1. Using a Gaussian network model of the chain whose springs link C-alpha atoms within less than 10 Å, name the residue from 110, 47, 164 with the highest mean-square fluctuation.
2. Please give, to one decimal in nm, the separation of the simple spin-label points placed at residue 139 and residue 186, each 7 Å out from Cα toward the Cβ.
3. So, with a 1.4 angstrom probe, what is the percent of accessible area on region 1-142 that is carbon and sulfur?
4. Give me the lysines in straight-line cross-link reach of residue 161: C-alpha distance below 24 Å, same-chain residues under 8 apart excluded.
5. With all protein chains present, calculate the accessible area of residue 86 using a 1.4 Å probe and round the result to the nearest 10 Å².
6. Which values, in whole Å and largest first, are the semi-axes of the equivalent ellipsoid of region 59-155 obtained as the square root of 5 times each eigenvalue of the Cα gyration tensor?
7. Leaving out ligands and nucleic acids, and using a 1.4 Å probe, what accessible area per residue does region 56-189 come to in Å²?
Amino acid sequence: MRWFHDRSTLTKLLGSFVVVCAIMGVVGWIGLSATQQVRAGFLEVSDVSLPSIRALNRTRAAILAYQRDIRGTLLADDASDVQTLVAALKLGLVTVGREFKMYSDLPASDTEKKLTATFTTAHAAWLTFAEAAIGEVSKNTPEAKEAATEIIFKKAAPAAKTLDETLTALLTENQRIVDQAKADADAAY
């Protein structure tokens, strides 16, 4: 400690100042690193996860609207009501495809890519049945409605079930990603 007492006051002050500056620099670097990690997690959630969840929920809503409207056409007797519902059904099919395309255009994890492939396969099968059912209900005859009922409740049901299960799994995976980003941000901050 003698070497410290032998230094001038100016040297001691400057030395202390350098030590304090070094400590502040380290603290600042740690804070900046933590902020950058939190920002990266925020961007992942805001730019990928939330748009993904939104597109998946809109896809599900469009499928549910189709299912509601096709049942409505089975119950409708008035030709103008049936044609209005048929137009809504056709628009609904386009909406399902458009919303899922918005989802599939976003970056995805490996799990999401596998689920997307499953959804795409089931969607193609379901779409074939959905279009066939629309063709039948637009005829607005009891026989055509019976054929549409057979298509909807027997033939399209497995594909519709796969669509619903896959959408649920995709939403669960996206929620897991959001939860992980939150945990990472909490750990970094």
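1. 110
2. Label-label distance for residue 139 and residue 186, simple model: 5.9 nm.
3. Values: 6010 of 8980 Å².
Carbon and sulfur atoms account for 67 percent of the accessible area of region 1-142.
4. Counting by Cα, and skipping residues close in sequence, residue 161 has these lysines nearby: 90, 101, 113, 114, 145.
5. My reading of the accessible area for residue 86 is about 10 Å².
6. The answer is 29, 14, 8 Å, longest axis first.
7. That works out to 55 Å² per residue.
The values are calculated or read from the model by the stated rules, or taken from the named source; none is laboratory data. Just so you know, these numbers come straight off a predicted model, no measurement behind them. All Cβ positions, even for glycine, are placed from backbone atoms using ideal geometry, and neighbour counts span all protein chains on display. For the accessible areas, the whole protein counts, side chains as well, though only heavy atoms, and no ligand, DNA or RNA atoms are used. Shrake-Rupley method; radii C 1.70, N 1.55, O 1.52, S 1.80 Å.
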